[in-house]
Amino acid sequence: TPIFQNLPCAVNVLSLSGTWVGNGHQSPAGDAGADWAIAMTINDGSASIDYPSLGCGGSLSQTSRDDISAEYHENITYGRDKCIDGGNITVRFYKGNLSWIWVGHADGQTYNAVAVLKRK
């Protein structure tokens with residue numbers, strides 16, 4: 001049995017880049033309820049977020065990043081009357097998915113949301 005074969009070595013490299021989708025759960029619940037859809041797109045130099053079931057979304061400014069995690073500051077650019085602007089998002093690879101945590105503030109109240117996003 002040959003030990004060496006003339007085949008390239010394949011290594012799975014984790015990458016945050018891509019489009020990630022899932023459902024967020026917010027506490028305390030907002031006017032639109034506690035659960036809503038998320039579509040987050042991460043590229044090397046930019047990122048964006050859409051909340052299709054809420055009718056809002058916008059751009060994300062990266063504040064830190066390493067091989068398996070990143071942090072972003074959210075700027076809601078459409079549907080500003082439907083979503084809290086200025087939240088902070090932390091994402092981290094976890095078992096092939098993306099663990100997603102959002103923290104924001106409105107009217108003196110802190111809101112938290114969590115999700116597990118899958119690569120689209």
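The values are calculated or read from the model by the stated rules, or taken from the named source; none is laboratory data. Since the model is a prediction, treat every value here as computed from it, not as a measurement. Glycine also receives a Cβ, built like all others from the backbone with ideal geometry; neighbour counts cover every protein chain displayed.
From the set of residues in region 61-96 that are among the basic types (Lys, Arg) and part of a loop (DSSP other than H, G, I, E, B), which is nearest to ALA34 (Cα to Cα)?
LYS82
Residues of region 15-72 being among the charged types (D, E, K, R) and either loosely packed, with under 14 Cβ neighbours inside 10 Å or under 21 Å from TYR94 (Cα atoms) (or both), which ones?
Correct list: ASP31, ASP35, ASP44, ARG65, ASP66, ASP67, GLU71.
Quick one: count up the residues across region 85-104 that are surrounded by 12 or more Cβ atoms within 10 Å (Cβ to Cβ), at pLDDT 95 or above and not polar (S, T, N, Q).
Residues meeting the conditions: 11.
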